[in-house]
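Heads up, the thing below is written out as structure tokens.
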Amino acid sequence: MKYSTISIAVVMLLLIAPSLEAQVGQLEGTVTDEAGKPMEGVEISIQSQNTSRKYNLKTNKKGKYYHGAINLQATYTVVARKAGYRTEYESGVRASFGVDDGGFDPRGGGKRGKVDFTLKEGKSGKLAFEMTKEEREQFMKQQTVVKEVRAAYNRGIMALNLGQNEEAVIAFRECVTKDPRRPAIWANLGNAYLNLKKHKEAIESYEKAIEIAPSNATFYQNLGNIYANMGDSANAEKSFKKSAELNAAVDPAAAAINYYNMGVTFINKGQNQQAAEALQNAVTSDPAHAEAHYQLGIVLLGMNKLEGAITHLAEYAKLNPNGENAPVARDLVKQLKGGE
């Protein structure tokens, strides 16, 4: 009798076992970029919304991922993450038996068996549901600060555009007090101070902007303009030169403006040789910079380098025939050529 009872129990276990094995299914998908190209090495995290269970895998060369042993009874959040791209996720996902069920959970809610992603370039970071309570609180505080800074910045820009420079300073100061890491805010604060002729404060603001973004050529250009307005030729030259160096490889036309301003600074100091060198760099960077040709022609004329003066004055008249200095340039060329 006992033997028979044990045998029945074993049979019952064998009958139950297959149903336990059937509790897992599959989950797969493809990850592409905005151009539709498959992305390899994307980190895929399949996180249970009911327990602490998590499955981690990566996409292959075809941008595909697959896991064939996902609990059918659980609901998951699938996360796709790769450095340099915005993190994407899909919640309410369930595994499937592998049949073509249209990709949706028949019980309602989310997708079933297949989740595809398209990743966009941007910052990758933690998602809200991945954060601890403390991290979420800190994140919410940061978001509040971002909104406040954005609102104050917009007020500052509006005030700046309306010529209300005192109000602009107040708005931008509020911004940098709450978030001092934004170079554009410091630069606009510098512009507001410059309009108020507060040169010291303007310089300090631009120096802050440069400290945060040392490769921004425009910041050096504007700082040079401030120094030039103050009559500080040495620092103006230094700033214009740095801006020109940064622009030379990526924006020759902008570099030409830097060299032109440097040349004008030397002209104001009576340093003709240095002015000629700077202005020559300007027309080399941008042969269409008419004013640089004119000023270079005048400087060379003062240095008694007549052939060069004729070349650049004639070029100015050609590039800007209706310009303010065009009649003077044409007359000088005619005189220098002996009245031809």
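Listed by first and then second residue, the pairs with beta-carbon distance under 9 Å, at least 6 apart or on different chains, first residue in segment 44-62 and over 19 Å from residue 30 (Cβ atoms), second among the β-branched types (Val, Ile, Thr) and assigned to a loop (DSSP other than H, G, I, E, B), are 48/75; 49/75; 50/75. Within segment 214-225, the set of residues being surrounded by 16 or more Cβ atoms within 10 Å (Cβ to Cβ) and either among the small types (Gly, Ala, Ser) or outside any helix (DSSP H, G or I) (or both) comprises 216, 217, 224.
Determine if segment 12-26 includes at least one residue that is under 34 Å from the mean Cα position of the chain (by Cα) and at pLDDT 80 or above.
Scanning segment 12-26 turns up no residue that is under 34 Å from the mean Cα position of the chain (by Cα) and at pLDDT 80 or above.
Applying the criterion of being small (Gly, Ala, Ser) and assigned to a loop (DSSP other than H, G, I, E, B) to the residues of segment 25-46, the residue that is surrounded by the fewest Cβ atoms within 10 Å (Cβ to Cβ) is 35.
Would you check if there is a residue in segment 180-202 being part of a helix (DSSP H, G or I), of a type in the set (D, E, K, R) and buried (at least 17 other Cβ atoms within 10 Å of the Cβ)?
Step one: list which residues in segment 180-202 are part of a helix (DSSP H, G or I), which gives 183-195, 199-202.
Narrowing the set further to residues that are of a type in the set (D, E, K, R) leaves 200-201.
Now narrow it down to the ones that are buried (at least 17 other Cβ atoms within 10 Å of the Cβ): none.
Taking every residue of segment 180-202 in turn, none turns out to be part of a helix (DSSP H, G or I), of a type in the set (D, E, K, R) and buried (at least 17 other Cβ atoms within 10 Å of the Cβ).
Within segment 305-324, one or more residues are under 27 Å from residue 226 (Cβ atoms) and either touching an Asp or Glu at 6+ places or on another chain (Cβ under 6 Å) or of a type outside the set (Ser, Thr, Tyr) (or both).
Just one of the numbered conditions (1) among the aliphatic types (A, V, I, L, M); (2) buried (at least 22 other Cβ atoms within 10 Å of the Cβ); (3) more than 29 Å from the chain's Cα centre (by Cα) is not true of residue 228: (2).
Candidates in segment 47-77 are the residues that are surrounded by 19 or more Cβ atoms within 10 Å (Cβ to Cβ) and in contact with a Ser or Thr (Cβ under 8 Å, 6 or more places away or on another chain); of these, the one that is nearest to residue 95 (Cα to Cα) is 76. Looking across segment 313-340, the residues that are of a type in the set (Gly, Ala, Ser) and in contact with a Phe, Trp or Tyr (Cβ under 8 Å, 6 or more places away or on another chain) come down to 323, 326, 329.
The values are calculated or read from the model by the stated rules, or taken from the named source; none is laboratory data. Predicted model, so just to flag it, every value in this text is computed and none were measured. Glycine also receives a Cβ, built like all others from the backbone with ideal geometry; neighbour counts cover every protein chain displayed.
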